[in-house]
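Worksheet for the structure shown next.
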Amino acid sequence: MIDAGQGGNNHFLTGGAAYASSRPTYPVSLADALAERCGETQHALYVGCGSGQLSVLLADRFGRVTATDPSEGQLENATAHPRVTYHPEPAERIGLPEASVDLVTAAQAAHWFDLDAFYAEVRRVARPDALLALISYGVPTMDGAIGERLARFYWQDLHAHWPQGRRHVEEGYRTLAFPFLEEAFPTLLITREWYLGQFIAYVCTWSAAKRALAAGDGAVVDGFVRDLGPLWGNPEEKKAVTWPVVGRIAPVHA
């Protein structure tokens, strides 16, 4: 979701409002699965929270949630909740005391972190029975001819414009360094029912789409949008978009 680095490496420092309104939201079952595996549920830390889609779900299961992101533009559009406190800070410098959290999680963000520095901070702030969960949702799919056109757009037309770290999302985080005693990640899906305009707005939040436009290759995005119209049919008819929820999960101190 967010690049924890500085300056030009951050692909989402702008456009927080569009990002917040046009991204898929995590299922309630994800927050349930995380809470069930924690020894205690007093305090959760959500790193690289972006506009905070997962923050409020965690707040319904933990006594309090600290949600952090280096982008103040993202945090300005984050969902407010009385048990969520938002802080602008990078993943590699967590402003919490030692042994203070029961869960550390990052969603659609860990592939941008300096993982060695992040993991050192995770071990520092984690309580003895704390859990670490790195979460990602994979490449979206749709049924029928729309799904075929979407796959061609993602894997062929646009693929060269994705930042290098995107491969970790495509691989389900399996090649991401994870020096912990790993447990099985729960089987989960995100499914959204979207109108044509909503789906186009989502695609336009992709960093690859923005990079294509900046590189003068906006024709690939325009062509995809143009092809969608006749494939979709009635733009006021909702269609299902599905993402697999994947990740890595482990007790921090095992």
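The values are calculated or read from the model by the stated rules, or taken from the named source; none is laboratory data. This one's a predicted model, so the numbers in the text were calculated from it and none came from an experiment. Quick reminder, even Gly has a Cβ in these numbers, built from the backbone with ideal geometry, and neighbours come from all protein chains shown.
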Completion exercise
Within segment 227-254, residues touching a Ser or Thr at 6+ places or on another chain (Cβ under 9 Å), polar (S, T, N, Q) and either loosely packed, with under 15 Cβ neighbours inside 10 Å or without any contact (Cβ under 8 Å) to a residue 12 or more places away in the chain (or both) come out as none
Problem - Meets criteria (at pLDDT 95 or above, under 18 Å from PRO251 (Cβ atoms) and not hydroxyl-bearing (Ser, Thr, Tyr)) for ALA120 - result: yes
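Tell me, please, whether a residue that is more than 25 Å from ALA44 (Cβ to Cβ), at pLDDT 95 or above, part of a helix (DSSP H, G or I) and out of contact with any strand residue (DSSP E or B) (no Cβ under 6 Å at 6 or more places or on another chain) can be found in segment 168-176. Explain how you work it out, then say what you get.
The first filter runs over segment 168-176 and keeps only residues more than 25 Å from ALA44 (Cβ to Cβ), leaving 170-171, 175.
Okay, now just the ones that are also at pLDDT 95 or above, so none.
No, every residue in segment 168-176 fails to be more than 25 Å from ALA44 (Cβ to Cβ), at pLDDT 95 or above, part of a helix (DSSP H, G or I) and out of contact with any strand residue (DSSP E or B) (no Cβ under 6 Å at 6 or more places or on another chain).
Conditions tested, residue by residue: (1) among the hydroxyl-bearing types (Ser, Thr, Tyr); (2) in contact with a Ser or Thr (Cβ under 7 Å, 6 or more places away or on another chain).
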{"position": "GLU89", "(1), (2)": "no, yes"}
{"position": "SER100", "(1), (2)": "yes, no"}
{"position": "ASP114", "(1), (2)": "no, no"}
{"position": "TYR154", "(1), (2)": "yes, no"}
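Select from segment 96-154 the residues that are among the basic types (Lys, Arg) and touching a residue at least 60 places away in the same chain (Cβ under 8 Å) and write down the one among them that is farthest from LEU231 (Cα to Cα).
Narrowing segment 96-154 to residues among the basic types (Lys, Arg): 123-124, 127, 149, 152.
Still in the running and touching a residue at least 60 places away in the same chain (Cβ under 8 Å): 123, 127, 149.
On the way: ARG123: 49, ARG127: 52, ARG149: 9 Å.
For segment 96-154, the residue satisfying everything is ARG127.
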Handout entry: Residue list for segment 153-167, restricted to those being in a helix (DSSP H, G or I), within 21 Å of ARG192 (Cβ to Cβ) and not aromatic (Phe, Trp, Tyr)
Key = ARG166
Exercise for the section: Taking ILE135 as meeting all but one of (1) more than 30 Å from GLY233 (Cα to Cα); (2) of a type in the set (A, V, I, L, M); (3) surrounded by fewer than 21 Cβ atoms within 10 Å (Cβ to Cβ), write down the number of the exception. Expected result: (3)
